[in-house]
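These notes concern the structure reproduced below.
Nothing in this text is a laboratory measurement; each read-out follows from the coordinates by a stated rule. Everything quoted here is computed from the prediction, not taken from an experiment. When we count neighbours, we look across all protein chains shown, and the Cβ atoms used for this are built from the backbone with ideal geometry, even at glycine.
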Ligand code: ADP
C-alpha cells in the first residue's frame, strides 16, 4: 500500500514538473507560436494517458489549458481571452487532450488485458501439462498444489477433498487459517469461484456434486486471474483426477485379467506336462509292487525310470516357477557392466558334460561392456548351448560369436543340427512348445527358450533365431552396451 502511494506521489510530481518545465521553457526562453506550445502540451497529456492512466492526463490537461491561456494566449498574463479564435483553439486543445487521453488509456488497458489473458492462458496450459503427466491418483493429488503454486506464483495452496477429508498443501501453510470443518462447509456451499481479498476460492465438482475446494492464497504477488480462469483451473483439476482414476482402474483391471490369463495358462500347461513323467513313475512303481518276481536287472531298470522321471518332474516344476516369477516381475535382476567373455566361459563350464568330444569355437572380438545381470545371461547362454548340443549330431561343432551393433552387442550360438521349420521358428519361444517330430526324441520341457526370451526382454534386448531344416540353427540375442 505504501509503495503504491509513493509511486502516485512521484507520478503527480513528475507530471507537474514536466508541465512547469514546458511552460517555463516556452515562456521564458524559446518564443514559439501558441500552436507549437499547444502541441507540446498535448504530447505530454497523451504520454501520461498512455503510460499512467486517465486521471493524470485529465488533471494535467486542465492545468495545461489554464497555463496555456495564462501564458501564451493574448492578453498574456490573464485568464481572459480576447480573440474568439483563441476560444476555439483552447476548446479544441481541451477536447483533443481529453478524447486523446481516453483513446490512449483504452489502448493501454487493452494491451494490459491481452497480456493478462496471455498469462492466464500460460497458467492453464502449464497446469494442464503438469497435471496430465500423472499416472495415478496418489501422485496426481500430491502434484496439484505444487503445480498450481508454480504457475500462479501464489504463497499458499490448499487442495481439500471431501472424500476422506483430505488436505494437500503447498507453500506457507500458516497463512490459511481454516480447519477441516470450515473447509468442508465452504466446499459444499460455494456456488462458483470467487476472490476474497487476495484469496481465490475455487469449488471442485464431480458433475454437479461437490468434490472439494481449492484455495489459492497470496495471489497479488503472483498473477491476477479472472474468475473464468479460476473456474477453468477447478475444471482442469477435476478432469485430471477423473482421468488418473480411470487410468488406474483400467490398469488394475488389465493387470488382473492378464495375471488371471497367465495363471490359467500355466496351470493348463503344467498339468499336461506333469502327467507324462508322473504316468511313467506310477507305472514303474506299480510294476515293482506286483507280487510277480522281477529279476535284479528289471528292478534296476524300473528304479532308473523312476529316478529319471522324478528329475524331469523336478526340472519342470523349477522352470515353471521361474517362468511365473519372470511373468509377474518378481525376479530381482541386478544390472551391472559385464564382459560377454566371462559369461560365455561360465556357460560352457555349466554344460561341459554335454559337450564331451565336441568342438566349440568361440570367436569374440574386443567388445564393450554390456549392461546385464551376469547370472541370468549365463543362464540364457547355457540354455542356448545345451539346445545346440541336444539338437545336433554328436561331434558336430558349435560356434559362439559376438559383434557390436548400434549400441548393442549381439551374441550368437550356432549349430549344425536338425534345424527348425520356418513355420515353427516363432512358436518355439512360447512356453511348453517343442518342435515336431525330431525333438520328441530328446527330452525337454519346452520352457528354456520362453525363459530366455523373458530374461532378454528384461534387459531391453531381443532374442531371435535363423534356422534351416537339416542345416542348423543360429540363436542370437542382443544386450545394451554400457554408455560412456
Ligand atoms: P526344450 O529344449 O526343453 O524342449 P526350449 O524352450 O529350450 O525347450 O526349446 C523349445 C524347442 O525349440 C525345442 O523343443 C526344439 O524343438 C526347438 N529348439 C531349440 N533349440 C534348438 C536348436 N538349437 N536346434 C533345433 N531345434 C531347437
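List of remarks:
- Put in line by how crowded their Cβ is, counting other Cβ atoms within 10 Å and starting with the fewest, 12, 52 read 12, 52.
- Folded to 0 to 90 degrees: helix 180-189 orientation relative to the chain principal axis, Cα: 70
- The long axis of helix 54-72 is offset from the longest Cα principal axis of the chain by roughly 30 degrees.
- Taking only Cα atoms of the chain, radius of gyration then Dmax in Å: 43.1, 152
- DSSP finds beta bridges in region 360-464, and of those with both partners inside it, around 65 percent are antiparallel.
- Each label point was placed 7 Å from the Cα along the Cα-to-Cβ direction; for residue 83 and residue 243 their separation is 7.2 nm.
- Measuring between their Cα centroids, region 405-456 and region 126-160 lie 49 Å from each other.
- Angle of helix 340-350 to the longest C-alpha principal axis of the chain, folded into 0 to 90 degrees and rounded to 10: 30°.
- Taking label positions 7 Å along the Cα-Cβ direction at both residue 153 and residue 315, the computed distance is 7.1 nm, reported to one decimal.
- Over the C-alpha trace of region 336-480, radius of gyration and Dmax come out as 14.3, 41 angstrom.
- Across region 112-194, C-alpha contacts under 8 Å between residues 6 or more apart give a mean separation that, scaled by the residue count, equals a relative contact order of 19 percent.
- Theoretical ellipticity at 222 nm over the chain - DSSP helices of four or more residues, -39500 (n - 2.57) apiece, nearest 500: -19500 deg cm²/dmol
- The value of relative contact order for region 336-480, using C-alpha pairs under 8 Å at least six residues apart, is 25 percent.
- Entry note, the chain: relative contact order of 8 percent, from Cα contacts under 8 Å with a spacing of 6+ residues.
- Distance between the modelled labels on residue 308 and residue 367, one decimal in nanometres: 3.5 nm (7 Å Cα→Cβ projection).
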